[in-house]
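In what follows, a structure is listed as structure tokens, so that the remarks can point back to it.
Here, each number is a calculation from the coordinates, and none is a lab measurement. Here the structure is a predicted model, which is why all the values come from computation and not from measurement. Counting neighbours? That spans all protein chains shown, and the Cβs are built from the backbone with ideal geometry, glycine included.
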Ligand SMILES: NC(=O)c1ccc[n+]([C@@H]2O[C@H](COP(=O)([O-])OP(=O)(O)OC[C@H]3O[C@@H](n4cnc5c(N)ncnc54)[C@H](O)[C@@H]3O)[C@@H](O)[C@H]2O)c1
């Protein structure tokens, strides 16, 4: 089978994490174009990948690609994504899908109409430790799960004038931008949500106009609880990126930063799995290629991603009102496909 020709649109920070993993997929994937409104950034990619086209407007490369990877500011996801799908290109779109419900619905519709793959780059869902934890929870290896807690503690300081600090372009604060990964994972692990709360602050992260730190608690059906604490203001951390799943017969810990999955049961610690950091972006791209080749719906597809964003929007609204958010109807399988 011939290699899929990919165009990278947006050659900023996150694109580097993707580019580092392309070598491992070179038998299936060929980078044929790099696009950035800042020409120097696109040219820098071309200096590492010989023979690719460089452009400042994505429309100039559409004839030379089968698929695109969009790594762009959030307010551009919707318009550029829809145009690429309408041009018959498969789209791997960085998270969050779009900054409005309408934008998400138009992306989903454009994918359906063009019969092209739309996949959202929720890379943590392709992380070997996160995937193995999901399998262990589903198999009930340590009993019945009743609490999943996720910590993401990092220092991420953006320029005050940049798009990351602007709540309109970002679509919200740290919770929308980064917490969307973990809302998606809590939905994947724990099923149908019932209600929840979000509290955010920008104390400690004055470069953020909205929250740079957030605390989310979600109640799921059958009394299960999910929690996420995320901050972009950590000046130090012990847990860094860590998941704890408490079950009736033990606790499973995914030490994401340390690359280890550990079972804690009967007073003992057992190493379940070790993983290469960065492998998840490679697995994610491999899954995108599989979906293009088979026509299969991606694991992180448009309709499911929209459910997670709706949940965030309901939590933001409830935070404003000072009440619990009603999250019923927002499970990953609750939306007609
Ligand atoms: N999965 C993850 O863990 C993760 C981590 C960081 C960022 N991201 C996502 O990656 C995306 C990009 O974030 P980033 O931090 O790399 O931002 P960035 O600002 O570093 O990169 C965005 C790039 O897009 C370019 N750009 C802007 N407008 C353009 C246009 N019209 N056409 C072409 N290029 C244009 C900019 O010049 C810039 O180089 C966002 O969706 C973000 O949420 C994901």
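Would you list 181, 264 from fewest to most Cβ contacts within 10 Å?
Numbers: 181 23, 264 15.
Ascending Cβ contact count within 10 Å gives the list 264, 181.
Using alpha carbons only, how many angstrom separate the centre of region 236-278 from the centre of region 186-229?
Cα centres, region 236-278 to region 186-229: 21 Å.
Going by how many other beta carbons lie within 10 Å of each one, how would you line up 217, 177, fewest first?
With the fewest neighbours first, 217, 177 line up as 217, 177.
Where Rh denotes the Kirkwood radius from the mean inverse Cα pair distance, what is Rg over Rh for region 78-206?
On the way: Rg = 17.3 Å, Rh = 17.1 Å.
Here the Rg-to-Rh quotient is 1.01.
Where does helix 180-190 land angle-wise versus the long Cα axis of the chain, in degrees 0 to 90, nearest 10?
On a 0 to 90 degree scale, this one is about 50.
Highest GNM mean-square fluctuation, the chain, Cα pairs closer than 10 Å: which of 34, 245, 263?
263
Going by the alpha-carbon gyration tensor, a ≥ b ≥ c the square roots of its eigenvalues, is region 268-318 rounded (a/c under 1.5) or, if a/c is not under 1.5, prolate (a/b greater than b/c) versus oblate?
Working: a/c = 2.93, a/b = 1.18, b/c = 2.48.
Taking the square roots of the gyration eigenvalues as a ≥ b ≥ c, region 268-318 is oblate.
With only alpha-carbon atoms in the gyration tensor, what are the semi-axes of the equivalent ellipsoid for the chain, in Å, largest first? Don't jump to the answer; show the numbers that get you there.
Details: eigenvalues 205, 104, 82 Å².
Working through the eigenvalues yields semi-axes of 32, 23, 20 Å.
Taking square-rooted eigenvalues a ≥ b ≥ c of the alpha carbon gyration tensor, is region 4-121 rounded, prolate or oblate, where a/c under 1.5 means rounded and, failing that, a/b exceeding b/c means prolate? Can you show the working numbers first?
Working: a/c = 1.73, a/b = 1.50, b/c = 1.15.
It is prolate, given that a/c is not under 1.5 and a/b is the larger ratio.
Which of 5, 125 has the fewest other C-beta atoms within 10 Å, and how do the rest follow up to the most? Present the calculation step by step, with values, prior to reporting the outcome.
Working: 5 18, 125 22.
By the 10 Å Cβ count, ascending: 5, 125.
For helix 302-321, what angle does its Cα long axis make with the longest principal axis of the chain, in degrees from 0 to 90 and rounded to 10?
60
With a ≥ b ≥ c taken as the square roots of the eigenvalues of the C-alpha gyration tensor of region 192-337, please select rounded if a/c is under 1.5 and otherwise prolate if a/b is larger than b/c or oblate if it is not? Don't jump to the answer; show the numbers that get you there.
Values: a/c = 1.36, a/b = 1.09, b/c = 1.25.
In terms of gyration-tensor shape, rounded.
Estimate the FRET efficiency between residue 273 and residue 144 by the formula 1/(1 + (r/R0)^6), using the beta-carbon distance for r and 22 Å for R0, to the nearest 0.05. Mind showing how you got there, number by number?
Values: r = 22 Å, r/R0 = 0.98.
In this case the efficiency is close to 0.55.
Could you state the angle between the C-alpha long axis of helix 279-294 and the longest principal axis of the C-alpha atoms of the chain, as a value from 0 to 90 degrees rounded to the nearest 10?
The answer is roughly 60 degrees.
Mind telling me which of 129, 155, 187 comes out most flexible in a GNM of the chain, alpha-carbon contacts under 10 Å?
155
For region 14-79 and region 94-149, what is the separation of their Cα centres, given in Å?
Between the Cα centre of region 14-79 and that of region 94-149, the gap is 23 Å.
May I ask you to derive the relative contact order of the chain, considering only C-alpha pairs under 8 Å and at least 6 residues apart, and to give it as an integer percent? Can you show the working numbers first?
Working: 725 pairs, mean separation 59.1, N = 337.
It rounds to 18 percent for the chain.
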